[in-house]
Each structure stands twice: as structure tokens, then as C-alpha cells.
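Engineer: Before I ask anything, let me first share the structure, which is written out below as C-alpha cells.
Computed from the coordinates by the stated procedures, all read-outs in this text should not be read as laboratory data. Source: prediction; values computed, not measured. Cβ: placed from backbone, ideal geometry, glycine included. Neighbour counts: every protein chain shown.
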């Protein structure tokens, strides 16, 4: 018997550096956005499971920069986005691969 693949169910909230961020799904042009003042992470409705997970991790990375205070020294949105995308493309795949080994 083949095991059924578990469906990814995004959380209603996410703790980043001890700060709780509410996860909301809404119609929007971008895949996601993080609002540090409102402590929300918004994700575009209708994304695939992988897109939803990747977007949540991307926005959580923005949240970590905000909570840590590093966003204040990254006073250019393009610099912050470049750093977050570097993490998305270089480090997150390592986490995903190693996590899959752990849960087998």
C-alpha cells in the first residue's frame, strides 16, 4: 500500500523571534507581504502548497529581519529583498532537504 502524501496546512500564526505574526490569506498581486507594525504575514489566495510554504518562509525571513532590528540598517528595500532571496535560494533548499531526511 502506498502511503498518502500529507497535505500542507499553513498555520494561523507563526512565532518569529518570540513575536507572534498572524497569517492571513487574501487576494493580492504579490505572493506575500509582511507588515511588522501589524504583525501580519499576508499570503496570496490560490497558491499551490509549495508556493504557499515557500512564500510563508520568505515572509518569515522578512519578519526575522524586522524583529532582530536588522531592517533598520538595511534602509533600502532592494537590499533587504536581495538578502531574503539569497536565503530563499541558497539556504532554504538545504533546510528542506535535511528536514525530509529527518521525518522519514
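Engineer: May I ask for the angle, rounded to the nearest 10°, between helix 77-86 and the longest principal axis of the chain, with both axes built from Cα atoms and the value confined to 0 to 90°?
Structural biologist: Between the helix axis and the principal axis of the chain, the angle is about 30 degrees.
Engineer: As I understand it, the value is the acute angle between the Cα axis of helix 49-68 and the longest principal axis of the Cα atoms of the chain; what does it come to in degrees, rounded to 10?
Structural biologist: 30 degrees
Engineer: Suppose we take every Cα in region 13-103 and form the convex hull; what volume per residue is that in Å³?
Structural biologist: 110 Å³
Engineer: Ordered by packing density, taken as the mean number of other Cβ atoms within 10 Å over each peptide's residues, highest first, how do 57-69, 40-52 rank?
Structural biologist: 57-69, 40-52
Engineer: Continuing with the same structure: Tell me, how many Å apart are the Cα centres for region 82-104 and for region 40-67?
Structural biologist: 14 Å
Engineer: Something else now. Per DSSP H run of n ≥ 4, the term is -39500 (n - 2.57); total these for the chain, divide by its residue number, and report the mean residue ellipticity at 222 nm rounded to 500 deg cm²/dmol. Numbers along the way, then the final one.
Structural biologist: Working: 3 runs with 42 residues, N = 104.
Result for the chain, helices only: -13000 deg cm²/dmol.
Engineer: Here's something else I'd like to know. Share of antiparallel DSSP beta bridges in region 17-104, in percent to the nearest 5? If you can, show how the numbers build up before the last one.
Structural biologist: Details: 4 of 9 bridges.
In region 17-104, DSSP labels about 45 percent of beta bridges as antiparallel.
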